[in-house]
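Student: This is the structure I have questions about; it appears just below.
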Ligand SMILES: *Cc1c(COP(=O)(O)O)cnc(C)c1O
């Protein structure tokens, strides 16, 4: 056991997020390598079936959430001439996937102090060419999808969830055209790289199964097994396949996912109560009761905080932090494509937020250590 108080003596760095992999994942990967079939095959199907059993939806595993979002928007016929509403606070991939289709992303502001897309701002961003809206469940904190599905229905829009932060969150994909999870190394479960599309629309999932593999009508596995000898290409496609090595790791991770998420929620609750006591000037978005898989531990710093100084102060004490997210419309590339975007609440969030370490390998005393060091910063000095 590590104890707070003895500072960095026998304490390693507390990482912002760490993958929790063990013997089960190693055995699963080795078993696939030994089997002789390493690319997309039965393990991928098994991972999909496990997600289908959990959600009651169709599941299509892909090589990343980014690829999954691109394929989904394309399969829903989003393309040049279309406008797609995207959150003002998100990872740049959300916006890039819209750009890949040739459609125009339209950044929409968030709620004040809460990094979820604002419905009022979305309403006022609508034009005659708006075709879709992509929402993002920031930090694994679930958006109210009944509101967004009504908004999409009333305005004839396609609704897609960037659910990168949401592996294990129940309900994703049930109130939209599709939701896309990420299994990147820092997400709630991992296959190193990977993602999965959930949809209630069986014809969409069938198109996506072909589009992830070059648009081909038969898979490599069915050809290798002699079930098919040739193929046609009847849809646009890419190589967005997952492979069986990753899928096997994913199956082992999925067995632990609910436990991981429970630990994340517990550690988040510990953060909330300790910070209410020790750093009351810092606010924490959402609430302990908010439906969530607690992917991130975001805080909102008081106006005027020297955030870089704070990050340096706690990094010297072995604590990693990050910012979710820098404003993408200020990036060199995106500012050229998206000039004149002005989102006051997104910009305020991005300037004042800080994400604290949160992963299932942490213990309560790690959280105490982080909060003690946050409190020890020269606030107002
Ligand atoms: C991680 C992430 C992605 C991209 O996921 P990949 O699986 O790495 O492609 C997309 N959107 C958000 C919000 C993310 O955090």
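The values are calculated or read from the model by the stated rules, or taken from the named source; none is laboratory data. Predicted model only: the values in this text are computed from it and were never measured. In this analysis, Cβ positions are derived from the backbone assuming ideal geometry, glycine residues included, and neighbour counts consider all displayed protein chains.
Student: With the requirement that a residue be touching a strand residue (DSSP E or B) at 6+ places or on another chain (Cβ under 8 Å), part of a loop (DSSP other than H, G, I, E, B) and more than 8 Å from the ligand (Cβ to nearest atom), what does segment 88-107 give you?
Tutor: Listed by number, the residues that qualify are 88, 89, 103.
Student: A follow-up question, please. Out of the residues in segment 60-87 that are under 19 Å from the mean Cα position of the chain (by Cα) and surrounded by fewer than 24 Cβ atoms within 10 Å (Cβ to Cβ), state the one that is nearest to the ligand (Cβ to nearest atom).
Tutor: Checking each candidate, the answer is 64.
Student: Now for a different question. Restricting to segment 273-285, give me the number of residues that are assigned to a helix (DSSP H, G or I) and surrounded by fewer than 18 Cβ atoms within 10 Å (Cβ to Cβ).
Tutor: Filtering segment 273-285 down to residues assigned to a helix (DSSP H, G or I) leaves 273-278.
Checking which are surrounded by fewer than 18 Cβ atoms within 10 Å (Cβ to Cβ) leaves us with 273, 276-278.
Count: 4.
Student: In addition: Taking segment 157-177 only, how many residues are farther than 18 Å from residue 82 by Cα and away from the ligand (no atom under 11 Å from the Cβ)?
Tutor: 9
Student: Here is a further query. Consider residue 250 against the criteria (1) surrounded by fewer than 17 Cβ atoms within 10 Å (Cβ to Cβ); (2) within 13 Å of the ligand (Cβ to nearest atom); (3) part of a helix (DSSP H, G or I): it satisfies all of them except one. Which criterion is unmet?
Tutor: That leaves (1) as the condition not met.
Student: Specify which of the listed residues (230, 199) is touching a helix residue (DSSP H, G or I) at 6+ places or on another chain (Cβ under 9 Å) and at pLDDT below 95.
Tutor: 230
Student: Inspect segment 342-356 for any residue being within 30 Å of residue 103 (Cβ to Cβ) and part of a loop (DSSP other than H, G, I, E, B) and give the result as yes or no.
Tutor: yes
Student: Do we find that residue 292 is within 16 Å of the ligand (Cβ to nearest atom), in contact (Cβ under 8 Å) with a residue 12 or more places away in the chain and buried (at least 20 other Cβ atoms within 10 Å of the Cβ) in this structure?
Tutor: Judged against the criteria, residue 292 is a match.
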